[in-house]
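Read the structure below first, then the notes.
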Amino acid sequence: MNNINESPRVVDVNGLSKVYGSGAIAFEALKKVDFYADAGEFVMISGPSGSGKTTLLSILGCVLRPTAGRVVIFGHDVSTTRENELPSLRLSLIGFVFQGFNLIASLSASENIALVLRLRGWEPKQAQSEAVKLLAEVGIGEKADSLPRDLSGGQRQRVAIARALAGHPPLLLADEPTANLDGQTGLQVTELLKDLAAIHGSTVVVVTHDPRIHNLADRIVQLEDGQIRKESL
Amino acid sequence: MKTQQLSNAAGPIDALATHRPTRILRLRTMLHVGMKMMFYDKLKFAGTLFGVIFAVVLFNQQLGVFLGLLSKNTMFVDNARADLWIVPTSTETLQPGKPVPMSALYEARTTPGVAWAEPLLYGGASISLPKGGSEQVTVIGTKAPYWRGGPWNIVAGSVDVLRNPDVMIFEDSERDKLGGVNLGSVREVNGHRTVVGGFTWGLLPFAPSYSFAEYDYARVLLGTPSDETSFVLVGVGAGANPDSVALAVRKRVPAYDVLTTHTFRNRILRYLLESTGIGFTTATSAMFGLIVGLVIVSLSMFSSVIDNIREFGTLKAIGCGNKDLALMLLVQSAAYGLIGSLIGLALISNIAEAMRSPKLALALPWLTYACTPAVMVLLCGLASLLALSRIRKLEPGMVFR
Ligand SMILES: Nc1ncnc2c1ncn2[C@@H]1O[C@H](COP(=O)(O)OP(=O)(O)OP(=O)(O)O)[C@@H](O)[C@H]1O
Ligand SMILES: [Mg+2]
């Protein structure tokens, strides 16, 4: 088992394949993909629609199982980890930011964040005050008690980023975090994600179509037709 | 809490160990989220609750009517203040069969363990109305001075008025039917001029209403020979076991059945359940109420999961396991069961109060009030299984789609 202190490689993927369906309708969404992310890196995955970006990110996030290949995250070979151990693995290692924000509609902004902390074992009171602190960090401290439906898209994505940061998981994964935001807001939110991740030393993998945010990346990986086409810095 | 520093300092692998909340904390968290989600969609909440209330009201209403019907048939035996009954053989319910000879009374009185024995007359009579025509009553002849098998729930007069000649006590709720009788009214019962001396409340079996006369007057009214009676009531001495005294009496009157009050009551109940359809009818409608209610609960919990499928997916993605989500659904279903039961029971007790009459009373013993919430929580838990199976199958990967 690797240790983060010995190897800076946070994510290490080798020969990853993913086949959806089987038989006649089988579709190979990822074809022998190699991918890595080092500690503290801000990596973007780009590529045309249907190229397999979300599939790759889902597998990195341990919410989808690969068909073949090795996926090592912080030394855990998650392709062999038992199904019922994945939730706690996700909980402790990974923060998610989704295209559709995916906040719990019935929970206030701060409760959405506190939920993650509580699931990680925080006392409710401490989780709540930490949640309010995180909201202040993402610039919407005054919205702690608002329900998601009363927030703008940019504000919701800020809540989602705060939730992903809650408990400071070492790996942050975001799928098209700017797709539902206007250009200016998208840029601000991505900058925020990058800055906060840097402060906490988290590694970030962002899937995006959005060329306006490409210059924020430490490295960009181009996917095409389920394969890595090129890498650029 | 120092988890956030730890996770980076000691490495995320070690941090895994510190990320296990206690079971109580986990339960509290899922309770918190479960309740928030449950109350958020008010319409769905109301719909699900309606299902529970429907089941509670319909089930308890049927049960109440059923128990009410049963108690109409057993109330006389329950209130006769006797330990043993000597009845004609193959007596299945409280109906006079062939008469019991007075000799049985004397045999009983001299049986060891017997404290007292009294005859009881029970027979139909017709009471003629002032405007012509007649109504049926059930005449009960009860012996002074102990009045075993005598009137209870007396709302006007007292049992001792029966000591006066030609006096009877009738059922208050039947006054209109008996031609508007009042205290002191005079009616002809089986052709004998009879004075109304008092009233009982609620003594309406399925047979014509109970009306009471002193034993000897009842014998005249019913034309019973002096060496016969309908039943013999027996009391056992302090400390004696009714079952063994019953055995001793039976040896002396082998041609008759000697039943403890308990056995007699059970015989009546068995007769009602076996020979009339009421057990089946009631059970069917009660089950219908439960099933319809639970189908509503089950479907609305399921559709609420479908409506919020993305949220459940998100919960899974951020680290809730199937167990956590199952816990959450169970907590929700328990809340539905409890809240629905409380509202349903409040409703049914008001309904019972509103429709309470001597003709039809909902009998709802405290036990049903106590058991309903527990049963509903259990059944709602079952109803949530459909929703749970959907959640179990839910791939957390769907959140990215
Ligand atoms: N559950 C699934 N079952 C079958 N095929 C799937 C499934 N999910 C994705 N696919 C297919 O796999 C391919 C890659 O999908 P994926 O979502 O990873 O692409 P993407 O690069 O994220 O595209 P987009 O930019 O449109 O989000 C697509 O052709 C898609 O139709
Ligand atoms: Mg995608």
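The values are calculated or read from the model by the stated rules, or taken from the named source; none is laboratory data. Keep in mind that this is a model prediction, so the values were computed, not measured. With ideal geometry, Cβ positions are generated from the backbone for all residues, glycine too; neighbour counts draw on all protein chains shown. Only protein heavy atoms, including side chains, enter the accessible area calculation; ligands, DNA and RNA are left aside. Shrake-Rupley method; radii C 1.70, N 1.55, O 1.52, S 1.80 Å.
Probe radius 1.4 Å, ligands and nucleic acids ignored: give me the carbon and sulfur share of the accessible area of the protein assembly as shown as a rounded percent.
It is 57 percent, rounded to a whole number.
When only alpha-carbon atoms are used, what values of Rg and Dmax, in angstrom, describe chain A?
17.4, 54
For the charge dipole of the protein assembly as shown, defined by +1 on Lys and Arg C-beta atoms and -1 on Asp and Glu C-beta atoms about the Cα centroid, which residue among B:G381, B:P358, B:L31 has the Cα displaced farthest towards the positive pole?
Towards the positive end, the residue furthest out is B:G381.
Which angle between 0 and 90 degrees, to the nearest 10, do you get for helix A:109-119 versus the longest principal axis of chain A when only C-alpha atoms count?
That works out to roughly 60 degrees.
Return a whole-number percent for the relative contact order of chain A, with Cα pairs under 8 Å and 6 or more residues apart as the contact set.
27 percent
Roughly how large is the A-B contact in terms of buried accessible area, totalled over both chains, probe 1.4 Å, nearest 100 Å²?
4000 Å²
Are there any GluC sites (Glu not before Pro) in region A:1-95 that are in a DSSP loop and have at most 13 other Cβ atoms within 10 Å? List them by number.
A:E6
Along the charge dipole of region B:126-255, Cβ charges K/R +1 and D/E -1, which of B:A240, B:A213, B:N182 sits furthest on the positive end?
B:A240
Per residue, how large is the accessible surface of region B:89-255? Use a 1.4 angstrom probe and give square angstrom.
Per-residue accessible area for region B:89-255 comes out at 43 Å².
Which residue, B:T282, B:T22, B:T138, has the most motion in a Gaussian network model of chain B that connects Cα atoms within less than 10 Å?
Sorting by GNM fluctuation, first place goes to B:T22.
Any chance you could check the Cα centroid distance between region B:62-94 and region B:285-317 for me, in angstrom?
So the separation of the two Cα centres works out to 44 Å.
At 222 nm, what helix-only mean residue ellipticity would chain B give, in deg cm²/dmol to the nearest 500, using -39500 (n - 2.57) for each DSSP H run of four or more?
Rounded to the nearest 500, the figure is -17500 deg cm²/dmol.
Mind checking the dipole of the protein assembly as shown: about its Cα centre, +1 per Lys or Arg Cβ, -1 per Asp or Glu Cβ, Debye to the nearest 20?
For the protein assembly as shown, the charge dipole is close to 400 debye.
Please get the size of the charge dipole for region A:78-233, origin at its Cα centre, with Cβ charges of +1 on Lys and Arg and -1 on Asp and Glu, quoted in debye to the nearest 20.
220 debye
Any idea what the relative contact order of region B:89-255 is, in percent, if you count C-alpha pairs under 8 Å spaced at least 6 apart?
Once divided by the residue count of region B:89-255, the mean separation gives 34 percent.
Would you work out if the protein assembly as shown is rounded, prolate or oblate? Take a ≥ b ≥ c from the square roots of the eigenvalues of the alpha-carbon gyration tensor; rounded if a/c is under 1.5, else prolate when a/b is larger than b/c, oblate otherwise.
Prolate shape, in that a/c is at least 1.5 and a/b is the bigger ratio.
Can you give the angle from 0 to 90° between the axis of helix B:366-383 and the longest principal axis of chain B, with both taken from C-alpha atoms, to the nearest 10?
30 degrees
Shielding of B:306-319 by partners, i.e. mean partner chain Cβ atoms within 10 Å per residue?
6
Relative contact order of chain B: what whole-number percent is it, with Cα pairs under 8 angstrom and at least 6 residues apart?
Answer for chain B is 27 percent.
Rounding to the nearest 10 and keeping the result within 0 to 90°, find how far the Cα-based axis of helix B:278-307 lies from the longest principal axis of chain B.
10 degrees
Pick from B:G289, B:G198, B:G157: which residue has the top mean-square fluctuation in a GNM of chain B where Cα pairs under 10 Å get a spring?
Most flexible of the set in this elastic network: B:G157.
Only Cα pairs within less than 10 Å get springs; with that Gaussian network setup on chain B, which residue of B:A125, B:A80, B:A370 has the largest fluctuation?
B:A370
Residue by residue through region A:31-46, what is 3J(HN,Hα) from phi via Karplus (6.51 cos²θ - 1.76 cosθ + 1.60, θ = phi - 60°)? Round to whole Hz and write x for glycine and proline.
Here the 3J(HN,Hα) series is 10, 6, 8, 10, 7, 8, 9, 8, 4, x, 6, 10, 9, 10, 10, 10 Hz.
Considering only B:T229, B:S128, B:G289, whose Cα is most displaced toward the positive end of the charge dipole of chain B, charges sitting on Cβ of Lys, Arg (+1) and Asp, Glu (-1)?
Projecting each Cα onto the dipole axis, the largest value belongs to B:G289.
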